[in-house]
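What follows is a single structure, and I will ask about it in a moment.
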Amino acid sequence: MKSLSIFLVIILCASVFAQFNDEKSDFSSLEKIGAISVTIGGDFIITGSFPSLVTERVDQFITRMYTQTREKIFSQLSQQPELLEKAKKEIENYSLRDITLKRANGEELKLDLMKFRRTGDFSNNPYLKNDDVLIFAPSDLERNFFSISGAVNKPGKYHFKDGDKLSDAIELAQGINKAYSNVTKAEINRLSYDGEKMEVIPVDVNSNYLLQRGDRIVIVAEETQRKEFSVNIIGEVKSPGKIPITKSTTTLKEVIDKAGGFTDNASLKQAKIFTGNFISELLKSLYNYNVQNSEQSLLVDTTQFIINLKESILYRMSNVTYEDREYFKLENQLRSLLETGSVDFTKLEDENSDASKYIVKDGNIIFIPPKQNTIYVFGQVLKPGRVGYKADMDYKYYIDKAGGLGEYAQDEDEIMLIKGDSQEWISPFKHKVNIEEGDYIYVPRELNLPFSWYVGQVGNYLSIVASVATVILLLVQFGK
C-alpha cells in the first residue's frame, strides 16, 4: 500500500509538472521582468525546470514551488480523503539539509536551508542564477538522523548529513536554553550497528565532536525548578484567580492571604481543595458554578480510560464480591475524579491547626462557595427545592415548608439528612442532629414492588426450606 500511495503521488506530481509547462503565460510574464530557469532534482515534491526571478533566493524559490505543488495536489484529491491523507505524508517527506546547488559555470555549493531558517545565515541561502540546478538528498529520517534533547531550545530529530558536529546539532536546536545554568556537558548515545550495544560518550558542550548517523545527544543540565507553579482560587475571596506558589512550601493560609482573604459571604464549612484534573465540569454539576477562563483540559475520554484501568488493577487482587462491584465502581470514580484535600477552612486562623499548615500543590483548585442560607428538600415532597435556612429548626419544619409529604413517601423513620460539607447520610428521626445551611433533606419513595417479585421471594424461601429438609433427611438416614 505504501508503494502504491507513493506511485500515485508521483503521478500527481508529474501531472502538476505538466501543468507548469503548459502555463506559458506565467513564464512569459516572468520573462518580461527578468526570469531565469532553475532545475529541481533529487528527492523533492516535484522535479523539473521552472521559471524563477533573478531576485529570488533558494529558500524563497523552493517554498513557492512546494506551496504551489501542494495546493494543486490537494485540490485534485479533495474528494478522496483517504488518498489525500497519504499524499500529505508523502509530500512532507523531504530534507532541507544537504542540498547541492550546481551552477552553470561548474561551481558546486552545499546548502542547509534548515540552518538558514534557524540562524539567518545567508551563505546557506544564495541568490539563484540562470541554469542553476538544485539536487535534494534522499530523505530517510528513520535511519539517516540524529536527535538532540535536554537543555536546548528546540529539541528534536534532524536529518543527518556527513560532517555534522555537535555544534551543528546545537545550532539546529536553536542553542542552549538560557533557563538552565552551568550547562557544560553533553552525552552522545551511540548504538552499535546491530543495535545491541550502546556507547555513552561524554563530551564538552562547546566541542566540535564529529557526529555519526543515529547519534542521540543529550545536553546535560539539572532540571530547573523555576516553573509556573500556581493554584487557582475561585469563589468567595476578595481577589480570585491564579496565585503563584513555590514548588512545595506554600501554605493554604498564605494563598488565602494573597487572595485578599474571604468575603463575608464565604461558606467555609463547604470550602474544598480539589487536586484532580477535571474539576470544572464537576463544579458546574455539583454547585452550578461556572469556572471562568479555566485552564483545565476536560479530556473526558482519557479520564474515563484511566479510571477504568485503575479500577481493573484494583480489582485484580481484591476479594470484592459481584454484588459489591457497582458500589466499589462508584466509590473509585468519585475518588479518581474528586480527590479533594480534607481541610477544615474554619480553623485556618489557628496557627497550630492542620489547615493553616496545609501545603498546596501546583494545579490545585481552591473553591470557596457562597453561603447558600438554604436547605434543599427533595424526593417525595409536594414542592421540592430550596427552603430558607432558620437556625435550630428540625427536619419537620423544612418538609412542611416544602409542602409536606407526598402520597408515596416512605415512613418518617426513612427520611434522611445529607450533610452539605461531608455528604454523610444521617437519620434525623433516629439521631439528634444539628441542621446547618447547605444541608439536604431527602424523602425516599415508598417501594411499590410487583406481585411477581413477591412470588419470586416465596419461591426462593420454599427452595431453601426444601434443601434444608433434604439435608435433615440425609442425616437421619446416615444416623440409622
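Just so it is clear, none of the values below were taken in a lab; they were calculated from the coordinates. Bear in mind the structure is a predicted one, so any value in this text is a computation, not a measurement. Note that each Cβ is placed from the backbone with ideal geometry, even for glycine, and that neighbours are counted across all protein chains shown.
For segment 89-130: of the residues being under 33 Å from the mean Cα position of the chain (by Cα) and among the β-branched types (Val, Ile, Thr), which is farthest from Ala169 (Cα to Cα)?
Selected residue: Ile91.
Looking only at segment 356-381, how many residues end up being surrounded by fewer than 17 Cβ atoms within 10 Å (Cβ to Cβ), among the basic types (Lys, Arg) and part of a loop (DSSP other than H, G, I, E, B)?
1
Of the residues that make up segment 399-419, is at least one without any contact (Cβ under 8 Å) to a residue 12 or more places away in the chain, more than 13 Å from Ile375 (Cα to Cα) and either part of a helix (DSSP H, G or I) or of a type in the set (Gly, Ala, Ser) (or both)?
No, segment 399-419 contains no residue that is without any contact (Cβ under 8 Å) to a residue 12 or more places away in the chain, more than 13 Å from Ile375 (Cα to Cα) and either part of a helix (DSSP H, G or I) or of a type in the set (Gly, Ala, Ser) (or both).
One line per residue, one yes/no per condition, for (1) of a type outside the set (Lys, Arg); (2) in a strand (DSSP E or B):
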| site | (1), (2) |
| --- | --- |
| Leu109 | yes, yes |
| Phe116 | yes, no |
| Val133 | yes, yes |
| Pro138 | yes, no |
| Leu141 | yes, no |
| Lys161 | no, no |
| Ile170 | yes, no |
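Okay, next question. How many residues does segment 131-156 contain that are aliphatic (A, V, I, L, M) and within 31 Å of the chain's Cα centre (by Cα)?
4
Pairs needed: first member in segment 72-93, within 25 Å of Ala137 (Cβ to Cβ); second member anywhere, among the hydroxyl-bearing types (Ser, Thr, Tyr) and in a loop (DSSP other than H, G, I, E, B); C-beta distance under 6 Å; at least 6 residues apart or different chains.
Sorted first by the residue in segment 72-93, then by its partner, the pairs are Asn93/Ser139.
Let me spell it out: the conditions are (1) buried (at least 19 other Cβ atoms within 10 Å of the Cβ); (2) under 28 Å from the mean Cα position of the chain (by Cα); (3) not basic (Lys, Arg), and His159 meets all of them except one. Which number is the exception?
Only one criterion in (1) buried (at least 19 other Cβ atoms within 10 Å of the Cβ); (2) under 28 Å from the mean Cα position of the chain (by Cα); (3) not basic (Lys, Arg) is unmet by His159, namely (2).
Now for a different question. Quick check on segment 36-83: of everything there that is small (Gly, Ala, Ser) and under 35 Å from the mean Cα position of the chain (by Cα), which residue is farthest from Asp112 (Cα to Cα)?
Among residues in segment 36-83 that are small (Gly, Ala, Ser) and under 35 Å from the mean Cα position of the chain (by Cα), the one farthest from Asp112 (Cα to Cα) is Ser78.
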